Every structure is written in C-alpha cells, then in structure tokens.
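The values are calculated or read from the model by the stated rules, or taken from the named source; none is laboratory data. Everything numeric in this text was worked out from a predicted model, so none of it was measured. Here the Cβ positions follow ideal geometry from the backbone for every residue, glycine too, while neighbour counts run over all protein chains shown.
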C-alpha cells in the first residue's frame, strides 16, 4: 500500500469505515481456505461483510450459511472455456441457477464456504475473477457487449477495458473506497454502457487536435441510482484512448481521498460531485492527470437500453451476431452448457452478456445462422420473444437478498407473461422490477419501474406490494421516471398494470414510444387512470 489514509483520524467515521481501517477487504481471500476447512460456524459475524470484497454475499437468512457469488465479466465478453467453467460451477455447487445481472456479471446462489476455494480455483484457471464484484471497491467494468464487432462503435474498446480492469484488479491502493464504485467504458454511439448511471463513464467523442480528427472519449461522473438517484455530469475534458487509465486512476483517487466516509447513505461519488460541481472536480482531476484537452464532439446518438435481439451483420464481412432473450436473466446450467456448445459449433465459442440480462452469440458466419436458430433450445431462449417478456428486468429479490422486501424474479416473469396474453401495444414497454430502494433492477430508467414495498392490508396485516413509476430513459442525457401515487398489493399487480397499459395503448399516438407518450401527456392523466383502476380493483389499497 503506497498511499496515506488521510481520513483515518476523522472522529466521525461510520462503523464500516472503522472496520476497514483494521483490515482491508481483499484480505478476506487469505482467510477463505481456513474458513472452508473449519466450516461456516468458524467465521466471526463481524467478518461476514468482508466477504463482499470476494464477490460473496450471504443469502437470506444469513445464519443458514449460503452465499451468493458474483463473477465479473468486463464488457460482458466470455470465451468458450469461461462459459463452460461458469456452467460447471452452477451445476456442481449452485443448484443449476445461472443469473445474468444488469451489470453484465454472472451470479450463483446456494454456495457454501467449503466449496469456495475450488470455485475460485476454477475461475482463476479461465481468467475470471470475483475480487471486487461487491464491496467498497471498483466493481465490474461494463461496456459495449459488441466491442470489436460493432458497426456503430468508434473503435474497439476491448484493449482499453482490459487495461483499466487489470490495473484495478486486486489493487489494494483502491480497495478501500467510501462505497461501491462503478465504471462504464463504451465507444458505441447507442450508449451501450448506460453512461449516466455510473460513477464514471467514458463515452465516445471526437476532437480535432493538431489538424487531425482524433477518436476518444468524453467523461461523465457522479451517476448512480439507489434511493437518491443522480445522472452523471460531463467534465470538460477530451480523453485519448491511451489516457483512459490515467483519468480513471485520477477520478478514483479523488473518490478515495475526498469521498464522504461519515454516513454510508451519502458516501457514493455522486454526492461529492453534486457538492463540488464539475468545474471544481475537473480542477482536482487535472492535478492528477496533468493537462487534458477540452471537450470535443460527443458521438452518442441514442440509447438502445441494452437490447440486441435478432440477427445482425458485424463489421467483419460475412459474420453476424445474434441477440437472444433470457426471461428475467435466469438460465439453467444445462442450458448454459448447451449454449456454449452451440456457440462453438456455429461461431467461435464466445457469448456476450448484456445489461438487459440477455446474451449475444457473435461471430456466426452467414451460412451457419439458419442452423443455429433451428436448435431446440432457442424455443424458450428466443430472438423474437413476446413483447413484455422481451423488455422485462428484475433484481434478485427476497428469494435470496437480505435487503429485498418482496419477491421479484419469478413475479416479474409472471407479470410479463400475463401482460403478453392480455395487452396489445405497438411499441416495446420496458418494465423493471426491484425489491427495495437500492434498485439493482434499475427501475429509475425504465418506462415503467415497479418497486417493492410492504403495506398494511385491512385483512392480511403487512403484505408485499409495489409502487409504480413511469417515464424513465437514458436517451439524450437521461431522465428518471416519476412516481405515481398508490400502492398495489402484489396479488393485484398484474391486472392493475394490464388496465394501465390498456389505457396507454388506447390514448397514445401510433408508433409513439412510451417515454414520448409520458412526456407529451404528463403524469396527471396516468395518475387519474391509476386512481380509477385502484378504486375498482384493489379494495385493500392505502394511498
């Protein structure tokens, strides 16, 4: 460790910070073999949170001793051997559950401490890591899942992502940050990296330097969701590809040394950026990086929300990438094994995970496309899913998560299935479900965000329920969705959404997107309609 913890003398540090001063989170890797040998009961409760730095959370209930594990997948790119290793871990240890997350990572469940050393060894052999997948540290670097094959990228960001990822991997100079820290790097003109909701995001830009048009990045800082969402703001700098690591180090150093460590709920970078402003932030950044050119022209054109369904030509002549739907991001290990073999038989063995919880098979020659699509597995995992199933996202929910208030994963699947049967609408409607305010399901950026709560029922006591938000996007800088008044008991969510969407379908313009519809008519008509629906359908609602 080559830096000084300037905050160590702060008398107002929260309990987590005091614990991190005693022991760096990454040190948990050194303890895992002994804990695995001696069993879960040998782990002191005060050590439980440190497992986050190894990508491990205790499932609900914590005392049962089962772990969720998150595996980092930079930009979502997995090769054949990695896919097979992940599927094997899921099959052997994780009760065959294989979840794709909204940050392109892979999650397992039902793991025990005794199994962790073998799992980590399997991952290491294929070049995968869990270090920093959770905890107050740099998380998985998300980006364009089409990196290197995308006709709409300024350049291939694969080497840039690798350089930054490798630098921060198990780097104890940056393993004690005030809170979690999320990086996005993408040169796609379609905002494939969800730039505005990351702590730091590198987005495609060009600038004339010395009479030459140079391709590089603009930088956005201070984005994030949870209970106090912020959209990232652009710093007035232009960053060449070869300077991305330097800038990432500079921004991360600022967060480490100046970020807030007194109150956990105000410790994200977004609060520091909001208080300082981007001009002061830029001044401090240049102290670490030296001079950087001012902004050029950002090249982001729109936002595709991470969806790539269907067959599409790559920049490489004669090759295609094919985008598939995974309902709410959950696969079975046997399905993953089969997908791996198909990707090798018809492509080059790769798959790419998307922040929509779906995946892509790239590098499929023209002559192999039809045969690939005729494989039986692609009846459930399809390139042409029903409309609501296609655009549904869900967090883990109360099934495994200690923070969640309601069931989400299976609930979202059932809701989408129900809406596909009962609602006809001419545009996609993105529905994101999250089980608590932490928003792993990213409900703030959805057309319709559905957030779990507990509510008091007249007859049943406290029951699972949801609040509804409408009108989110990351297009054109982004806008978070707005809350409609009213609480919907979980058992009534399907018919309430059906009636609300039926009203939208009847009152929108042909071809008008859900976001444009909300932007045109405002919240009031939707609130009036929801009031009417709740009055008719839900007798036990309190709002």
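The residues on offer are 425, 398, 381, 360, and the sole one that is buried (at least 16 other Cβ atoms within 10 Å of the Cβ) and free of Cβ contacts under 8 Å to residues at least 60 places away in the same chain is 381. The set of residues from the stretch 176-230 being on the phi > 0 side of the Ramachandran plot and touching a helix residue (DSSP H, G or I) at 6+ places or on another chain (Cβ under 9 Å) comprises 191, 194, 222, 224, 226.
Looking at 384, 358, just one residue is under 28 Å from residue 341 (Cβ atoms), over 21 Å from the mean Cα position of the chain (by Cα) and not assigned by TED's automatic domain parsing to the domain that holds residue 70, and that residue is 384. Residues satisfying the criterion are present in the stretch 307-317 (criterion: at pLDDT 95 or above and buried (at least 21 other Cβ atoms within 10 Å of the Cβ)). Scan the stretch 272-284 and tell me whether some residue there is part of a loop (DSSP other than H, G, I, E, B) and either buried (at least 17 other Cβ atoms within 10 Å of the Cβ) or in contact (Cβ under 8 Å) with a residue 60 or more places away in the chain (or both). Checked the stretch 272-284: no residue is part of a loop (DSSP other than H, G, I, E, B) and either buried (at least 17 other Cβ atoms within 10 Å of the Cβ) or in contact (Cβ under 8 Å) with a residue 60 or more places away in the chain (or both).
So is residue 247 crowded, with 18+ Cβ neighbours inside 10 Å, in contact with a helix residue (DSSP H, G or I) (Cβ under 7 Å, 6 or more places away or on another chain), assigned by TED's automatic domain parsing to the domain that holds residue 139 and not in a helix (DSSP H, G or I) or not?
no
Residue 74 meets the conditions (1) touching a helix residue (DSSP H, G or I) at 6+ places or on another chain (Cβ under 7 Å); (2) without any contact (Cβ under 8 Å) to a residue 24 or more places away in the chain in every case but one. The failed one is (2).
When residue 294 is tested against (1) in a loop (DSSP other than H, G, I, E, B); (2) assigned by TED's automatic domain parsing to the domain that holds residue 240; (3) within 23 Å of residue 440 (Cα to Cα), exactly one condition is not met: (3). Taken as a whole, the stretch 433-453 holds no residue that is more than 21 Å from residue 228 (Cβ to Cβ) and out of contact with any strand residue (DSSP E or B) (no Cβ under 8 Å at 6 or more places or on another chain).
Please enumerate the residues belonging to the stretch 1-31 that are under 12 Å from residue 176 (Cα atoms), in a helix (DSSP H, G or I) and under 30 Å from the mean Cα position of the chain (by Cα). 16, 17, 18, 19, 20, 21, 25, 26, 27, listed by residue number. Looking only at residues of the stretch 146-163 that are surrounded by fewer than 23 Cβ atoms within 10 Å (Cβ to Cβ) and under 19 Å from the mean Cα position of the chain (by Cα), we find that the one that is nearest to residue 204 (Cα to Cα) is 158.
To keep it simple, each residue is scored yes or no on (1) over 16 Å from residue 134 (Cα atoms); (2) within 27 Å of the chain's Cα centre (by Cα).
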site: 33; (1), (2): yes, no
site: 36; (1), (2): yes, no
site: 51; (1), (2): no, yes
site: 73; (1), (2): no, yes
site: 77; (1), (2): yes, yes
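When you look at residue 261, is it outside any loop (DSSP other than H, G, I, E, B), surrounded by 20 or more Cβ atoms within 10 Å (Cβ to Cβ), at pLDDT 95 or above and out of contact with any strand residue (DSSP E or B) (no Cβ under 8 Å at 6 or more places or on another chain), yes or no? No: the conditions fail for residue 261.
With 24, 99 as the choices, which residue is in contact (Cβ under 8 Å) with a residue 12 or more places away in the chain and surrounded by fewer than 20 Cβ atoms within 10 Å (Cβ to Cβ)?
24
For the stretch 160-178, a tally of residues being in contact (Cβ under 8 Å) with a residue 24 or more places away in the chain and either outside any loop (DSSP other than H, G, I, E, B) or within 18 Å of residue 104 (Cα to Cα) (or both) returns 12. Might you check whether a residue that is in the same structural domain as residue 173 (by TED's automatic domain parsing), outside any loop (DSSP other than H, G, I, E, B) and in contact (Cβ under 8 Å) with a residue 60 or more places away in the chain occurs anywhere in the stretch 318-334? Checking the stretch 318-334: not a single residue is in the same structural domain as residue 173 (by TED's automatic domain parsing), outside any loop (DSSP other than H, G, I, E, B) and in contact (Cβ under 8 Å) with a residue 60 or more places away in the chain. Output the residues belonging to the stretch 180-202 that are closer than 26 Å to residue 469 by Cβ and surrounded by fewer than 24 Cβ atoms within 10 Å (Cβ to Cβ). Selection gives 180, 182, 190.
Could we say that residue 368 is surrounded by fewer than 19 Cβ atoms within 10 Å (Cβ to Cβ) and in a helix (DSSP H, G or I) here? Judged against the criteria, residue 368 is a match. I'm checking my understanding of the structure. Among residues of the stretch 363-378 that are in contact (Cβ under 8 Å) with a residue 12 or more places away in the chain and out of contact with any helix residue (DSSP H, G or I) (no Cβ under 9 Å at 6 or more places or on another chain), which one is nearest to residue 343 (Cα to Cα)? Looking at residues that are in contact (Cβ under 8 Å) with a residue 12 or more places away in the chain and out of contact with any helix residue (DSSP H, G or I) (no Cβ under 9 Å at 6 or more places or on another chain), I get 373.
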